[in-house]
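Below: the structure, in structure tokens.
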Amino acid sequence: MSSNSYHTPTITIPSFIGILPAAGLGSRLHPLRYPKELIPIAFVTDPLTMTMRPMLAVEHSLRSMSQAGVNRCIVVISDRKPEMLRYLGNGADAGLSIAYVSQPEPLGLASAVDAAFEWTVDSNVCLALPDTVFLPSMALSTVNKTLVQYKADLVLGVFPTSNPQQLGPVRIGIEESVLEVLEKPDMTDLYNTWGIAAWTPQFSKFLHRPTAELRTLSISHVFNDAVKQGFNVRAVYFEGGSYSDLGTLENLAALMSSQQS
């Protein structure tokens, strides 16, 4: 696909509500006992003081939402991470309004996203993960525009990766239709992964199901089920982009190394 395949014309975009799931245990980062969402990933210049300060992982996702015109975000959180509330507050520093939904148990990403159902059921939704770093930074804006332009039910932002077995590779067909979404496959000929997403109320209702069922599914499984059920699922492939999952010590070390090179 062309490196320009993700550019879309200027269109009027209805409002989106962001979902930021941050209720996980971070067990893959043991022995680190610190919320992975609050790990510094870069240093930036504060425009008010003109001094350097660390930018934390969660800020990357929130900034991407703000750049996409999202002005409200629901952070799904657990009582094990009070630091997240202290740091993010009401979201003013990130340029949007934040509300919090509690997920008492870490039941997986699909369940975490569904925890916000009652507050998002009638709205378009966009999803970014607070322990990932993706480029280009405007990718979420492009994904949101694609959802509206093509009247899709679900749009996945897809990035190249060298370790698809650890992530969620996507098989893309003609006109960027999604044919298949995998979840950490043992083997695959795909070298990409979805990293962000946007969807309509129709997909929110499809995702919404009993907790006992959701806890057995990854959200990639639900995406793939939507494809099988005939939903209009599209992909935007960011050929020159990148995606880093900070959920393991190895991936965190690789990101830190790339920042220094």
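The values are calculated or read from the model by the stated rules, or taken from the named source; none is laboratory data. Here the structure is a predicted model, which means the values were calculated and not measured. Note that each Cβ is placed from the backbone with ideal geometry, even for glycine, and that neighbours are counted across all protein chains shown.
Out of the residues in region 101-120 that are out of contact with any strand residue (DSSP E or B) (no Cβ under 8 Å at 6 or more places or on another chain) and of a type in the set (Gly, Ala, Ser), state the one that is modelled with the lowest pLDDT.
Gly108
Step by step: first the residues of region 209-239, then only those that are in a loop (DSSP other than H, G, I, E, B) and under 16 Å from the mean Cα position of the chain (by Cα), then the one that is farthest from Ser15 (Cα to Cα). Which residue is that?
Out of the qualifying residues, it is Ser218.
Which residue, of Asn90, Asn144, is more than 26 Å from His208 (Cβ to Cβ) and out of contact with any Pro (no Cβ under 8 Å at 6 or more places or on another chain)?
The unique qualifying residue is Asn90.
Identify, from the list Asp93, Asp153, the residue that is of a type in the set (Asp, Glu), surrounded by fewer than 24 Cβ atoms within 10 Å (Cβ to Cβ) and touching a helix residue (DSSP H, G or I) at 6+ places or on another chain (Cβ under 7 Å).
Of Asp93, Asp153, the one residue that is of a type in the set (Asp, Glu), surrounded by fewer than 24 Cβ atoms within 10 Å (Cβ to Cβ) and touching a helix residue (DSSP H, G or I) at 6+ places or on another chain (Cβ under 7 Å) is Asp153.
Take region 117-139 and flag every residue that is surrounded by fewer than 24 Cβ atoms within 10 Å (Cβ to Cβ) and of a type in the set (Asp, Glu).
Answer for region 117-139, where residues must be surrounded by fewer than 24 Cβ atoms within 10 Å (Cβ to Cβ) and of a type in the set (Asp, Glu): Glu118, Asp122.
Does at least one position in region 145-154 carry a residue that is under 15 Å from the mean Cα position of the chain (by Cα) and either without any contact (Cβ under 8 Å) to a residue 12 or more places away in the chain or in a strand (DSSP E or B) (or both)?
yes
Yes or no: Gln202 out of contact with any Pro (no Cβ under 9 Å at 6 or more places or on another chain) and at pLDDT 95 or above?
It is true that Gln202 is out of contact with any Pro (no Cβ under 9 Å at 6 or more places or on another chain) and at pLDDT 95 or above.
Hey, could you check region 7-52 for residues that are among the charged types (D, E, K, R) and either surrounded by fewer than 14 Cβ atoms within 10 Å (Cβ to Cβ) or in contact with a Gly (Cβ under 8 Å, 6 or more places away or on another chain) (or both) and say which is modelled with the highest pLDDT?
Checked region 7-52; the qualifying residue modelled with the highest pLDDT is Lys36.
Being touching a strand residue (DSSP E or B) at 6+ places or on another chain (Cβ under 6 Å), in contact (Cβ under 8 Å) with a residue 60 or more places away in the chain and small (Gly, Ala, Ser) narrows it down to one residue among Ser141, Ser123, Ser137; which is it?
Residue meeting the stated conditions: Ser123.
Inspect all residues belonging to region 222-244 and state whether any of them is in contact with a helix residue (DSSP H, G or I) (Cβ under 6 Å, 6 or more places away or on another chain) and at pLDDT below 95.
Scanning region 222-244, I find at least one residue that is in contact with a helix residue (DSSP H, G or I) (Cβ under 6 Å, 6 or more places away or on another chain) and at pLDDT below 95, so the answer is yes.
Take region 202-229 and flag every residue that is touching a Ser or Thr at 6+ places or on another chain (Cβ under 9 Å) and exposed (fewer than 15 other Cβ atoms within 10 Å of the Cβ).
Thr211, Arg215
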